1. Looking at the stretch 226-244, is at least one residue of a type in the set (D, E, K, R), in a helix (DSSP H, G or I) and under 23 Å from residue 406 (Cβ atoms)?
2. How many residues does the stretch 445-462 contain that are in contact with a strand residue (DSSP E or B) (Cβ under 6 Å, 6 or more places away or on another chain) and surrounded by fewer than 18 Cβ atoms within 10 Å (Cβ to Cβ)?
3. Looking only at residues in the stretch 196-211 that are open to solvent by 30 Å² or more (accessible area, probe 1.4 Å) and more than 39 Å from the chain's Cα centre (by Cα), which one is farthest from residue 169 (Cα to Cα)?
4. The conditions are (1) under 27 Å from residue 143 (Cα atoms); (2) out of contact with any Asp or Glu (no Cβ under 7 Å at 6 or more places or on another chain); (3) open to solvent by less than 50 Å² (accessible area, probe 1.4 Å), and residue 231 fails exactly one of them. Which is it?
5. Considering only the stretch 156-182, state which residues are outside any helix (DSSP H, G or I) and among the hydroxyl-bearing types (Ser, Thr, Tyr).
6. Against the conditions (1) open to solvent by 20 Å² or more (accessible area, probe 1.4 Å); (2) at pLDDT 80 or above, where does residue 193 fall short? Just the number, please.
7. Restricting attention to the stretch 368-390, does a residue exist that is surrounded by fewer than 18 Cβ atoms within 10 Å (Cβ to Cβ) and part of a helix (DSSP H, G or I)?
8. Given the conditions (1) of a type in the set (Ser, Thr, Tyr); (2) open to solvent by 10 Å² or more (accessible area, probe 1.4 Å); (3) in contact with a strand residue (DSSP E or B) (Cβ under 8 Å, 6 or more places away or on another chain), which single one is not true for residue 363?
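The values are calculated or read from the model by the stated rules, or taken from the named source; none is laboratory data. A quick note: this is a predicted structure, and the numbers were derived from the prediction, not measured. Here Cβ is always computed from backbone atoms with ideal geometry, including for glycine, and neighbour counts include all displayed protein chains. Accessible surface areas use protein heavy atoms only, side chains included; no ligands, DNA or RNA. Shrake-Rupley method; radii C 1.70, N 1.55, O 1.52, S 1.80 Å.
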Amino acid sequence: MEVGAEGFARRLPRLRRRISRAAFVALDTEFTGLHSTSLQNNEPSLFDSPVERYLKARQSVQRFTVIQLGKCCSDTESDLPRYVVHSYNFFLFPSTLGIRDVEFTLSASSIQFLSHYGFDYNKFLKDGIPYMNEVQEKILGQHLLAGSWKVHSSADRDVLKKAIDEVTCWIAAAKEEETMILQDLSGYHILEVQLVLRQALQNVWTEPLGDKKVMVKKVSPQHRQLLENSSCDHCQKKLILLSARGFTNLFQILVKAKKPLVGHNMLMDLMHLHDKFYRPLPESYEEFKRNIHNLFPVLIDTKTVTKSMQKKCLFPRVSSLLEVYAVLCSSILNPKDPPCPVIALASDCSRYAEKKSPHEAGYDAFLCGSVLLMSAHLLLCRSKDDAVEADPSFSQYLTVLAEHVNKVNFIRGAVSSINFSGEDAPCHHPPVLVVHVRGWPGLNERQIYQEFKALCHFDVRRLSKNQFILLSSKYKHVRRVLRDYRHHPHLQVSVYRHWRHSPRVNCLLQISGIVALWSLLAFVLGGAPSC
């Protein structure tokens, strides 16, 4: 189901109930970009430590924004052994009400990629649900209290000017208690028109009527004061903030529910959730981990789960979420095992049963939740020697997934996963290679990368003036390079040995050698007269 700003507030109570009943919630997000190319050395690298990768990703998250968020609530029906899936597509757009204008970057390749898969940018721009983090909300609250909030959009100013002109012409001849209706207002315009009119004219009162309309009434100043103190005033500060928070209200419901949060390769998703709906990302990697763990105590990354299954269950090596889902839907269970739980799409999400929609956030969230249930079922069947009971509970699935809880996949880096509830586990890469350059002056990291690119993929770092380190994630690439470059005239490739190739160790050995030599000479020369 697609949800925009127009119908979001109306659906929020139902969304709250769905989350409260859910066994877990799966999320997926789409961004205006992934990695900023305008920042130097911002691409992910196998050399990255978790701290280095976090700082790189933090810069990108601050530049790009979330344009679509998919949420999938899966709950069990009490009378049937199946999971009912409610999947939603939320189009999002940064809040512009009274806070400093928000700037974000568009990546041409990301925009083209999403366009290829049918993303509707009109819905993002025209009907995106507003959102803000705690810092932005505090600033807006201060401006509302001081009456100093501003309208930033030129289009908004045009709408407000038209409304003010209409009311100004009408009120001159109107009598007290007479009313007029302003029409074709949407979103923030309904709030902004009321705030501007009340601020400019002391003898008017406004009320929203629904269906994009605002009622304007001419009142006496005394009557106006009574109405302002009424609990029914739709322009109270708390109600304005509630409207301006938009999707952040749903985020806060999700945080309070403490349901297991499921994603696929979800590190960037978590960083955007923190930055856009909670607080700006901190500089400290450890603080980020603590904050996320406090917000979502149970995280499950289906990428981490399925990577582990490749070893334990002879699971085929597939990369995309859709491929993982297709493999799990095939007959990889033992015929003697109980069948996977039935995953039924709710009637308002039934189109996902009829048509694949990859890279649509709601569809990917549905895939993610389905992959979790099928993976957990497969692991449960493989973990027990005796027969698994029919229709296992979700708590049994959580038990078999315990080793993967709070471990989020780390793509191409120095650790295999980020542990949000403990220490990060180091990753076991193939041996590091060192390239010694002879008779080929002026080579840089990019040229070394291009040299090996045709043969296999390595990340490259300069070690010294004529030495470079190569790091790969595949053993076969290491073996291939050692074999094919054995007799190369300019590039000598060997396995890196710290004691032999490290510039620091070499420097220390040279200094130690010099000290030892001088000590020996001093001893010999000092002992010569006595001889």
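1. Our first condition is that a residue be of a type in the set (D, E, K, R); within the stretch 226-244, this holds for 228, 233, 237-238.
Next cut, in a helix (DSSP H, G or I) only: 228, 237-238.
Still in the list and also under 23 Å from residue 406 (Cβ atoms): none.
Looking for residues that are of a type in the set (D, E, K, R), in a helix (DSSP H, G or I) and under 23 Å from residue 406 (Cβ atoms), one finds none in the stretch 226-244, hence no.
2. So the first thing to find is which residues in the stretch 445-462 are in contact with a strand residue (DSSP E or B) (Cβ under 6 Å, 6 or more places away or on another chain), and the list is 445, 448-449, 458-462.
This time we only want the ones that are surrounded by fewer than 18 Cβ atoms within 10 Å (Cβ to Cβ), so: 445, 449, 461-462.
Summing the residues that are in contact with a strand residue (DSSP E or B) (Cβ under 6 Å, 6 or more places away or on another chain) and surrounded by fewer than 18 Cβ atoms within 10 Å (Cβ to Cβ) in the stretch 445-462 gives 4.
3. Across the stretch 196-211, the extreme among qualifying residues is 199.
4. The one condition residue 231 does not meet is (3).
5. In the first step, residues of the stretch 156-182 are kept if they are outside any helix (DSSP H, G or I); the result is 172-182.
Of everything in the stretch 156-182, just one residue is outside any helix (DSSP H, G or I) and among the hydroxyl-bearing types (Ser, Thr, Tyr), namely 179.
6. Condition not satisfied by residue 193: (1).
7. Checked the stretch 368-390: at least one residue is surrounded by fewer than 18 Cβ atoms within 10 Å (Cβ to Cβ) and part of a helix (DSSP H, G or I).
8. Failing condition for residue 363: (2).
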